[in-house]
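Below is one structure; the comments refer to it alone.
The values are calculated or read from the model by the stated rules, or taken from the named source; none is laboratory data. Computed from a predicted structure; not experimentally measured. Glycine also receives a Cβ, built like all others from the backbone with ideal geometry; neighbour counts cover every protein chain displayed. Heads up: the accessible areas ignore ligands, DNA and RNA and are worked out on the full protein's heavy atoms, side chains in. Shrake-Rupley method; radii C 1.70, N 1.55, O 1.52, S 1.80 Å.
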Amino acid sequence: MKPAYRLVGFLLLACLTGVRSVSATEYPLPPDNSRLIGENTTTAVPDNKRPLEDIAAKYKIGLLGMLEANPGVDPWLPKPGTELTIPAQMLLPDTPREGIVVNLAELRLYYYPKGENKVIVYPIGIGQLGANTPTMVTSVRQKIPNPTWTPTVNIRKRYAKEGITLPGVVPAGPDNPMGLFALRLARGSGQYLIHGTNADFGIGMRVSSGCIRLRPDDIEALFNSVPKGTRVQVINQPVKYAVEPDGKRYIEVHQPLSHNEKDDPQTMKIALTKAARSFIHSPKSDTALAQAAIVRRSGMPILINRGEPLEKNAPLPAVLQQQ
């Protein structure tokens, strides 16, 4: 598994020493024939001996998103002065622009407020191995301010293996792992929720027990904006692609979700749909650029029009993996 998945203990310590929580990012909604939003920026690591999570929170990005965009950067103590890419540009998921859309592979939640020409993007935490967040189409069944937390039998067992005995019910309040706001989904018995947290670690990582986790300010804003009954779609698309109105062709590749602890999300195979393969092998696409993007997995839109220069020393796979 990728080393970042093992940061939980360190990031918990970081949150206890003051990692900031900030709001999500709003983007003007592009026309129906366009999916590209935002612009990437850069910043220099300050000399404050803070973890990468501190910078990710400041720029409203998930931790793994920062690591995808900046491979090799030390997540515990990034070197002061290092220039970081802030991956704020993205392709909208190829799904209806309605309600809430969660793309597990990119660890982002998209909210399309009804009647408003905008999309709001939130970094999220999702289910860890063995407690995966499922794909689904459902809705917001209940809005719960100041939720209590009743750990399930499986959650109790998982904690018990680590020597932790959980109480039967954790009361509402600042020490509740669900935070101060929760949206219960209609799927199943209502065991899946979109909720906050009492700590900032884990946003942009796979650390929850199956629920979708947001930073405190983000869940408060979402809670106050989302009506009961809002459509919720959860998808798993590590590869997104689009042809923009000006003819530019983009592919955005994220590390796929691992299936077991031996998987390395940076090198494991990515299944491509028939439509994705057609896009990559189109006479208008540079297949070498697309292959390099699949290997790199930067989590950012990459221009792959034929005639675009290939990044120097970009690695290429022998073949594209097919579904």
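Tabulated results
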item: Residue within region 253-264 that is of a type in the set (S, T, N, Q), more than 30 Å from Ile155 (Cα to Cα) and not assigned by the TED database to the domain that holds Gly99 present; result: no
item: Every residue from region 209-231 that is at pLDDT below 95 and over 20 Å from Asp54 (Cα atoms); result: Ser209, Gly210, Cys211
item: Qualifying residue in region 149-159 (condition: closer than 30 Å to His254 by Cβ, in contact (Cβ under 8 Å) with a residue 24 or more places away in the chain, surrounded by 17 or more Cβ atoms within 10 Å (Cβ to Cβ) and in contact with a strand residue (DSSP E or B) (Cβ under 6 Å, 6 or more places away or on another chain)); result: yes
item: Search result, residues across region 82-98 that are open to solvent by 10 Å² or more (accessible area, probe 1.4 Å) and of a type outside the set (D, E, K, R); result: Thr82, Thr85, Ala88, Gln89, Thr95, Pro96
item: Candidate set: region 169-201, residues that are among the hydroxyl-bearing types (Ser, Thr, Tyr) and open to solvent by less than 50 Å² (accessible area, probe 1.4 Å); chosen: the one modelled with the highest pLDDT; result: Tyr192
item: Strands (runs of 3 or more DSSP E) enclosed by region 92-207 - at least 1 residues per element that are in contact with a Gly (Cβ under 8 Å, 6 or more places away or on another chain) and of a type in the set (Lys, Arg); result: 108-112, 136-145, 181-185
item: Filter result for Glu106 (under 16 Å from the mean Cα position of the chain (by Cα), modelled with pLDDT of 95 or more, open to solvent by 10 Å² or more (accessible area, probe 1.4 Å) and assigned by the TED database to the domain that holds Pro177); result: yes
item: Residues of region 202-237 that turn out to be open to solvent by 20 Å² or more (accessible area, probe 1.4 Å) and within 30 Å of Ala290 (Cβ to Cβ), as a count; result: 4
